[in-house]
1. Tell me whether the stretch 21-39 contains one or more residues that are at pLDDT 95 or above and within 16 Å of the ligand (Cβ to nearest atom).
2. Need pairs with beta-carbon distance below 7 Å; first residue touching a residue at least 12 places away in the same chain (Cβ under 8 Å) and within 11 Å of residue 138 (Cβ to Cβ) and within the stretch 1-28, second assigned to a loop (DSSP other than H, G, I, E, B) and within 16 Å of the ligand (Cβ to nearest atom); sequence gap 6+ or separate chains.
3. What number of residues within the stretch 160-183 satisfy the criterion of being surrounded by 15 or more Cβ atoms within 10 Å (Cβ to Cβ) and out of contact with any helix residue (DSSP H, G or I) (no Cβ under 7 Å at 6 or more places or on another chain)?
Ligand SMILES: Cc1cc2nc3c(=O)[nH]c(=O)nc-3n(C[C@H](O)[C@H](O)[C@H](O)COP(=O)(O)O)c2cc1C
């Protein structure tokens with residue numbers, strides 16, 4: 001199989017990391033790969049806020065988990081379970097309960113990707129950028145996990161310390177590190193392709 005295809009098939013959401021640090025040079029290469037993603041009207045309006053301080057990552061993780069818990073408290077149990085299952089695979093939920101870093105899984109690096117609130121394409125642009133980062137990381141021997149929960153960082157008390165302008169929102173975070181688990185691939189949905197003549 002060609003190297004790109006191999007990387008695509010081998011990437012997994014990894015939720016356990018070794019303590020090994022990731023060099024600044026590697027982080028910069030990953031972000032450069034992210035920036036090579038296509039963007040609507042070539043706006044490239046993503047921005048990257050990189051967290052590498054262990055205490056800061058852990059503290060945001062705890063605050064986000066609290067914010068998530070508050071949201072869940074305001075929904076019925078059935079809705080909360082439905083919401084979680086629509087977002088996450090069951091193994092993620094088990095991981096969430098058993099890990100001591102419920103959001104960023106002890107990763108040494110967290111990249112927050114922000115984009116303008118006022119742009120309808122921000123979500124798609126960010127998704128493409130994030131996928132480039134995750135595939136580049138895999139190709140360089142690292143692992144990642146996209147963390148949608150990280151959007152709740154905007155509700156944390158320390159959010160202001162990130163100096164993210166009001167016009168931007170955190171679309172997604174990506175944890176980056178040297179993986180310490182090898183999850184099997186989740187089965188992919190089939191029979192969803194329609195060739196139309
Ligand atoms: C937009 C988006 C948000 C996600 N948010 C989270 C998250 O907050 N926490 C988490 O552990 N995994 C999160 N995931 C990872 C998915 O659970 C994971 O990609 C899915 O189970 C498929 O597994 P795979 O990536 O190993 O193929 C997210 C994935 C995407 C695309």
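The values are calculated or read from the model by the stated rules, or taken from the named source; none is laboratory data. Note that the coordinates shown come from a computational prediction; the quantities given were computed from them, not determined experimentally. When we count neighbours, we look across all protein chains shown, and the Cβ atoms used for this are built from the backbone with ideal geometry, even at glycine.
1. For the stretch 21-39, residues at pLDDT 95 or above and within 16 Å of the ligand (Cβ to nearest atom): present.
2. Qualifying pairs under 7 Å: 12/183; 12/185; 14/181; 14/183.
3. 9
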